[in-house]
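Colleague: I'd like to ask some things about the structure below.
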Amino acid sequence: NAGVTQTPKFQVLKTGQSMTLQCAQDMNHEYMSWYRQDPGMGLRLIHYSVGAGITDQGEVPNGYNVSRSTTEDFPLRLLSAAPSQTSVYFCASRPGLYSGRLYEQYFGPGTRLTVT
Amino acid sequence: TQLLEQSPQFLSIQEGENLTVYCNSSSVFSSLQWYRQEPGEGPVLLVTVVTGGEVKKLKRLTFQFGDARKDSSLHITAAQPGDTGLYLCAGAYSSASKIIFGSGTRLSIRP
């Protein structure tokens with residue numbers, strides 16, 4: 001199992017550009033989430049999904065879109081990058097409600113994004 | 001605004017000392033998790049507590065969930081340099097659909 005994979009690992013964007021951060025998991029997890037982590041801080045929830053076709057907003061959703069067309073993939077789209085979106089982005093997944101391991105969240109290695 | 005407040009934000013102690021990190025909220029959570037994060041990596045789950053008053057031990061680490069399920073603590077006995085890292089608490093609400101994180105405690109253990 002590769003676990004949770006994220007691409008790219010590093011990205012530099014200019015203000016106004018758009019891009020998609022990729023996230024994939026091979027553990028057949030129902031729940032997936034995107035977080036951002038600013039220097040020296042904890043993680044803030046951007047968007048999350050409880051299954052294919054179902055997404056919802058987290059604590060800081062503005063400027064980001066998500067979709068979940070398959071169980072495995074959960075891409076995060078930056079619509080028009082701003083310097084305030086400079087951060088490290090983590091994707092996470094966890095098993096579903098009836099797994100007995102609902103709260104066991106696994107994280108990818110992160111994407112380091114700089115917006116100039 | 002962080003709904004989960006951790007204290008202290010930074011802690012630097014000598015090897016062999018004991019320490020406690022706190023995670024507090026005004027909200028009730030169905031579960032609380034503790035993670036440890038190394039520089040350049042994603043957080044790694046240490047423990048999950050789900051029952052009010054629950055205590056779990058992981059070698060020299062002791063985790064406790066408050067009776068009202070609004071707070072939690074992490075106690076490390078005889079800290080070692082390998083314990084250095086960022087410790088994060090995270091909470092799931094009753095719907096269990098989303099998990100939010102605290103602000104983190106950066107721990108440094110001096111040899």
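The values are calculated or read from the model by the stated rules, or taken from the named source; none is laboratory data. None of these values were measured; they are calculated from a predicted model. Cβ atoms come from the backbone with ideal geometry, glycine included; neighbour counts cover every protein chain shown. When the accessible area is computed, the model is the full protein with side chains, heavy atoms only, and any ligands, DNA or RNA have been set aside. Shrake-Rupley method; radii C 1.70, N 1.55, O 1.52, S 1.80 Å.
Colleague: State whether the residues of segment A:29-41 include one that is crowded, with 19+ Cβ neighbours inside 10 Å, under 23 Å from B:LEU4 (Cβ atoms), of a type in the set (S, T, N, Q) and within 14 Å of the chain's Cα centre (by Cα).
Modeller: Yes, some residue in segment A:29-41 is crowded, with 19+ Cβ neighbours inside 10 Å, under 23 Å from B:LEU4 (Cβ atoms), of a type in the set (S, T, N, Q) and within 14 Å of the chain's Cα centre (by Cα).
Colleague: Output the number of residues of segment B:49-78 satisfying the condition of being in a loop (DSSP other than H, G, I, E, B) and among the hydrophobic types (A, V, I, L, M, F, W, C). Working first, answer last.
Modeller: Taking segment B:49-78 first, the residues in a loop (DSSP other than H, G, I, E, B) are B:50-54, B:59-60, B:66-70, B:77-78.
Retained after the next criterion (residues that are among the hydrophobic types (A, V, I, L, M, F, W, C)): B:50, B:68, B:78.
Count: 3.
Colleague: Here is a follow-up. Filter segment A:86-103 for residues that are surrounded by 16 or more Cβ atoms within 10 Å (Cβ to Cβ), within 8 Å of chain B (Cβ to nearest Cβ) and more than 15 Å from A:TRP34 (Cα to Cα) and give the result.
Modeller: Residues satisfying the conditions are A:LEU102, A:TYR103.
Colleague: Another one. Residues in segment A:101-115: is at least one free of Cβ contacts under 8 Å to residues at least 60 places away in the same chain, farther than 19 Å from B:GLY91 by Cα and not small (Gly, Ala, Ser)?
Modeller: No - not one qualifying residue is present in segment A:101-115.
Colleague: Going through segment B:46-74 one residue at a time, which ones are among the polar types (S, T, N, Q) and open to solvent by less than 30 Å² (accessible area, probe 1.4 Å)? Talk me through it step by step, then tell me what you get.
Modeller: To start, the set of residues in segment B:46-74 that are among the polar types (S, T, N, Q) comprises B:48, B:51, B:62, B:64, B:72-73.
If the condition is that a residue be among the polar types (S, T, N, Q) and open to solvent by less than 30 Å² (accessible area, probe 1.4 Å), then B:THR48, B:SER72, B:SER73 are the ones that fit.
Colleague: Among residues belonging to segment B:80-99 that are within 8 Å of chain A (Cβ to nearest Cβ) and either more than 18 Å from A:ASP38 (Cβ to Cβ) or among the β-branched types (Val, Ile, Thr) (or both), point out the one that is most open to solvent (accessible area, probe 1.4 Å). Let's see the steps before the verdict.
Modeller: Taking segment B:80-99 and keeping what is within 8 Å of chain A (Cβ to nearest Cβ), we get B:88, B:90, B:92, B:96-99.
Next, from what is left, pick out any that are either more than 18 Å from A:ASP38 (Cβ to Cβ) or among the β-branched types (Val, Ile, Thr) (or both): B:92, B:96-99.
Numbers: B:ALA92: 0, B:ALA96: 4, B:SER97: 23, B:LYS98: 60, B:ILE99: 1 Å².
Out of the qualifying residues, it is B:LYS98.
Colleague: Right, next: For segment B:21-45, which positions are within 21 Å of A:ARG101 (Cβ to Cβ), in contact (Cβ under 8 Å) with a residue 24 or more places away in the chain and in a strand (DSSP E or B)?
Modeller: So in segment B:21-45, the residues within 21 Å of A:ARG101 (Cβ to Cβ) come out as B:29-37, B:42-45.
Going one step further and asking which of them are in contact (Cβ under 8 Å) with a residue 24 or more places away in the chain, we end up with B:29-37, B:43.
Within segment B:21-45, B:SER31, B:LEU32, B:GLN33, B:TRP34, B:TYR35, B:ARG36, B:GLN37 qualify.
Colleague: List the pairs whose first member sits in segment A:55-66 and is closer than 19 Å to B:GLY91 by Cβ, whose second member is open to solvent by 40 Å² or more (accessible area, probe 1.4 Å), and whose Cβ atoms are under 7 Å apart, counting only residues at least 6 apart or on separate chains?
Modeller: From residues that are closer than 19 Å to B:GLY91 by Cβ, the pairs are A:GLY58/B:LYS98; A:GLU59/A:ARG44; A:VAL60/A:ARG44.
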